[in-house]
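The values are calculated or read from the model by the stated rules, or taken from the named source; none is laboratory data. Just so it is clear, the model here is predicted, and its values are computed rather than measured. With ideal geometry, Cβ positions are generated from the backbone for all residues, glycine too; neighbour counts draw on all protein chains shown. Just the protein is used for accessible areas: all its heavy atoms, side chains included, with ligands, DNA and RNA removed. Shrake-Rupley method; radii C 1.70, N 1.55, O 1.52, S 1.80 Å.
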Amino acid sequence: MECLEAVMLCMLKEVEGERTASSVFHLLKGKKSAQTIQDAHLFKLDKWFQTTPFLTMELFDRIVEGLQASGSLQGERQRLFVTAEGTNKMRAAFEKTGEFPQLSGWKLAGTAPVFFSRLQLAVQVVSHLAYKDRTYYPITRDEGVQQWVKQFVKESGFEKGQLAAELHREIRFVLEEQPEHPDCLLLRFSGYTQIGKTVQQTADILEMEPTEYWFRFLHSLHAVVQTVMEKGSQLPLLKHLLSDITVSVPLTESARKTAAYLHKGKTIEEVAAARRLKKATIEDHVVELALNDPHFSIRPFIDEQKEAEVLKAGGSSGVRQLKPLKDQLPNHSYFEIRLVLAKESGGTI
């Protein structure tokens, strides 16, 4: 079983027919919709968020059909269930690869790729500087990354030889801390007399099925980023590479704008009027804030008694679909139910 198939089975098993197969596709692709973001947290699938940029709906559908044909999935597309056979195959696949515990798609999907592009180019530039060789093609054509790394080298505070030694020390430090084989990352770097490998080339060299390599690489990269975040004082160069691309609370840009209004004491209706958006859209933003900001209070939007009633109903039914809960709570709005579930889920990530 390919790694991507195991990941999809894992996600579909968590959803357990409460969401469609398409919801899993949107999670893997990182769709920034209120429903997808809430699903990621409610079903504890946020680590997989936006982890498969290569995935198309056509490929996703083919995999689903293959899993159905092999007996790993049963049911219709709107309600798919993982069979016992599928569960066994999934577990066997994860026994080989691990379950990628340090993967953090929701928090790092926007940060890790930029960090890696900068790191790849920095390694290439510093390596050639150490050998006094300027005849090379940059590994990335992104002019923004090129300009950033050029400034990074100027402002590093190290002499050229010292810069190479310090960068080598820091990379070695984070690679020794991360969970995967270092070649998952190392083979991707270019340097003096060395050309970095592509994803497919690295998978071939390591004799891995391509999607297994991809998730191992991403797991390793996310682990490195988290190490830099936690131990930045020991890693000044890598901390600098990360400095302006991290956010304390990952939010969509529109939710961030709504948050600014709410912090000024505006009501949902006032924010909707000021931003010329529907009330429901602002409510989606409030739910997103509750999911992602542990300091965000839901008290302005629901009182303690109604919150407790939602928690009691949700805990007793074990259902994460809104309609069954709404049937039990006729005096609650859908927004209030979503908000309580979001805050509960967000607090446990």
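Here are the numbers for the structure shown:
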item: Every pair of residues 6+ apart whose Cβ atoms lie under 7 Å, when the first sits in the stretch 272-288 and is within 22 Å of D39 (Cβ to Cβ) while the second is among the aliphatic types (A, V, I, L, M) and not in a helix (DSSP H, G or I); result: E288/L251
item: Which listed residue is free of Cβ contacts under 8 Å to residues at least 60 places away in the same chain, surrounded by 23 or more Cβ atoms within 10 Å (Cβ to Cβ) and of a type in the set (D, E, K, R), from R62, R19; result: R19
item: Subset of the stretch 218-243 that is over 18 Å from Q102 (Cα atoms) and hydroxyl-bearing (S, T, Y) - its residue that is modelled with the lowest pLDDT; result: S243
item: Candidates R172, R216, R188 - the one that is without any contact (Cβ under 8 Å) to a residue 12 or more places away in the chain and of a type in the set (K, R); result: R172
item: Any hit, the stretch 327-347, residues being at pLDDT 90 or above, of a type outside the set (A, V, I, L, M, F, W, C) and at positive phi; result: no
item: Some residue of the stretch 185-200 being within 16 Å of Q102 (Cβ to Cβ) and among the hydrophobic types (A, V, I, L, M, F, W, C); result: yes
item: Selected residue (criterion: modelled with the lowest pLDDT) from residues of the stretch 11-39 that are part of a helix (DSSP H, G or I) and more than 21 Å from I63 (Cα to Cα); result: A34
item: Inter-residue pairs, beta-carbon under 9 Å, first surrounded by fewer than 13 Cβ atoms within 10 Å (Cβ to Cβ) and in the stretch 66-85, second in a loop (DSSP other than H, G, I, E, B), 6+ apart; result: G71/T83; Q78/G17; Q78/T20
item: Segments classed as helices (runs of 4 or more DSSP H), wholly inside the stretch 162-269, with at least 1 members that are polar (S, T, N, Q) and open to solvent by 60 Å² or more (accessible area, probe 1.4 Å); result: 199-205
item: Test: residue in the stretch 259-274 that is aromatic (F, W, Y) and farther than 30 Å from P330 by Cβ; result: yes
item: Some residue of the stretch 23-30 being under 20 Å from H222 (Cα atoms), of a type outside the set (A, V, I, L, M, F, W, C) and open to solvent by 20 Å² or more (accessible area, probe 1.4 Å); result: yes
item: Matching option when the condition is on the phi < 0 side of the Ramachandran plot, without any contact (Cβ under 8 Å) to a residue 40 or more places away in the chain, assigned to a loop (DSSP other than H, G, I, E, B) and open to solvent by 40 Å² or more (accessible area, probe 1.4 Å), among P101, P53, P113; result: P53
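Residue by residue, here is whether (1) farther than 30 Å from M1 by Cα; (2) more than 25 Å from the chain's Cα centre (by Cα); (3) of a type in the set (S, T, Y); (4) modelled with pLDDT under 90 holds:
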position	(1), (2), (3), (4)
F94	no, no, no, no
S127	yes, yes, yes, no
R141	yes, no, no, yes
V149	yes, no, no, no
A165	yes, yes, no, no
Q178	no, no, no, yes
